[in-house]
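K.L.:
Dropping a structure here in structure tokens format, bear with me for questions.
The values are calculated or read from the model by the stated rules, or taken from the named source; none is laboratory data. Fair warning: this is a prediction, and the values are worked out from it, not measured in the lab. A quick note on method: Cβ atoms are made from the backbone with ideal geometry, for glycine too, and the neighbour counts reach across all protein chains shown. Note: areas computed on protein heavy atoms with side chains; ligands, DNA, RNA excluded. Shrake-Rupley method; radii C 1.70, N 1.55, O 1.52, S 1.80 Å.
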Amino acid sequence: MNLFLQLSKPNVDIPEDAEVLGKFENWLRRILQMSWDDLLHEAVKLGGKLVAAVLIYIVGRWLIRKADKLLDRIFQKRGLDPSLNAFIRSLLRIVVWVFLVMVIVGVLGIRTTSFLAILASAGFAVGMALSGTLQNFAGGVLILLLKPFRTGDYIVSQGVEGTVKAINLFNTVLITPDNKTIIIPNGGMSSSIVNNVTESGTRRIEWTFAISYGDSYDEARKVLTDLLEADTRIQRSPDYLIALSNLADSAVQIVVRAWTATSDFWDVYYDMNEKVYKTFPEHGLTIPFNQLEVNLTTAGTPAAPTRDGGKEDKAA
């Protein structure tokens, strides 16, 4: 009753429900007033639209599939990254499908402006609800386009490290050296520091070896040089470095730096440690360890001078 009263008043805003009800009433009244010839004409007209819409859908779907396969072959021929290949094709499929649906809606006689308004409203609502997910999506797009790392690279980021197994739109999958699977959201990956270990193809190894005070530094240097020269995995350009780095409390420390292929990094590192441990004693070189000497003296007995200028204590 209130609805009819509102409709009867002049210069009053008509509620949206009343407007829809009025349109439906007018459409129903027009249908009832049509003759059989007019109804048949409208039915044929509607059937033609439906047939045209179905044909457009079938042809459009066939064209989309053909275009997707053609793009896939082109991207593979040009050596495009598989993750970027899948992302671009997926994005293009979404855009083309939305265009196809709009064409079909237009053929059926539905106003596309209303359809676009509904689509925009739904997109805004979904975007607000999935703001964090969209951030990861944007991060995935940046990673795939800028390529700070690729599948198969060994990276360090977000406090974890491992080999990149897959770069998805929302996350990146890593495999750790102990075969654990780590999934990192792309939002953080795209806005934080990423250490790509395998990007350059070569890495510098650094060792610190120690000999005792009194041992020959020249002999130690000669032994290390022979070991480095004998290892074909160590590169000569840039050349390796051997230098006396520190005079520590109980040892003379020697730093060794050498370049090798990234794939040989750990093998060379461990092999050199083993060779030095076995070879130094054969040349009279002692590998010292931290130790503390404590000397006690008898009361009233003066202590003898020590190396550091103090007094040596004698046991009581």
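K.L.:
Does any residue of the range 185-201 turn out to be in a loop (DSSP other than H, G, I, E, B), modelled with pLDDT of 90 or more and surrounded by 15 or more Cβ atoms within 10 Å (Cβ to Cβ)?
P.N.:
For the range 185-201, residues in a loop (DSSP other than H, G, I, E, B), modelled with pLDDT of 90 or more and surrounded by 15 or more Cβ atoms within 10 Å (Cβ to Cβ): absent.
K.L.:
Which of the residues belonging to the range 202-257 are basic (Lys, Arg) and either open to solvent by less than 80 Å² (accessible area, probe 1.4 Å) or farther than 15 Å from GLY284 by Cβ (or both)?
P.N.:
Scanning the range 202-257 gives ARG203, ARG204, ARG233, ARG236, ARG257.
K.L.:
Taking into account only those residues within the range 147-170 that are in a loop (DSSP other than H, G, I, E, B) and either more than 24 Å from THR202 (Cα to Cα) or touching a Leu at 6+ places or on another chain (Cβ under 6 Å) (or both), which is most open to solvent (accessible area, probe 1.4 Å)?
P.N.:
Per the stated criteria, the residue is PHE170.
K.L.:
Please go through the range 171-181 and give me each residue that is surrounded by fewer than 17 Cβ atoms within 10 Å (Cβ to Cβ) and either touching a Pro at 6+ places or on another chain (Cβ under 9 Å) or β-branched (Val, Ile, Thr) (or both), ordered by number.
P.N.:
VAL173, ILE175, THR176, THR181, listed by residue number.
K.L.:
From the list SER8, SER83, SER114, pick out the single residue that is closer than 30 Å to LYS165 by Cβ and modelled with pLDDT under 80.
P.N.:
Result of the check over SER8, SER83, SER114: SER83.
K.L.:
Which pairs do you get when a residue that is farther than 13 Å from SER157 by Cα, found in the range 170-199, comes within reach of a residue that is open to solvent by 40 Å² or more (accessible area, probe 1.4 Å) and among the acidic types (Asp, Glu), reach meaning Cβ atoms under 9 angstrom, with the pair 6+ apart or on two chains?
P.N.:
Once the first residue is farther than 13 Å from SER157 by Cα and sits in the range 170-199, its partners that are open to solvent by 40 Å² or more (accessible area, probe 1.4 Å) and among the acidic types (Asp, Glu) give PRO177/GLU161.
K.L.:
Can you confirm whether LEU144 is assigned to a helix (DSSP H, G or I) and either in contact (Cβ under 8 Å) with a residue 60 or more places away in the chain or loosely packed, with under 12 Cβ neighbours inside 10 Å (or both)?
P.N.:
So LEU144 passes the test.
K.L.:
So which residues in the range 86-108 are at pLDDT below 80 and aromatic (Phe, Trp, Tyr)?
P.N.:
If the condition is that a residue be at pLDDT below 80 and aromatic (Phe, Trp, Tyr), then PHE87 is the only one that fits.
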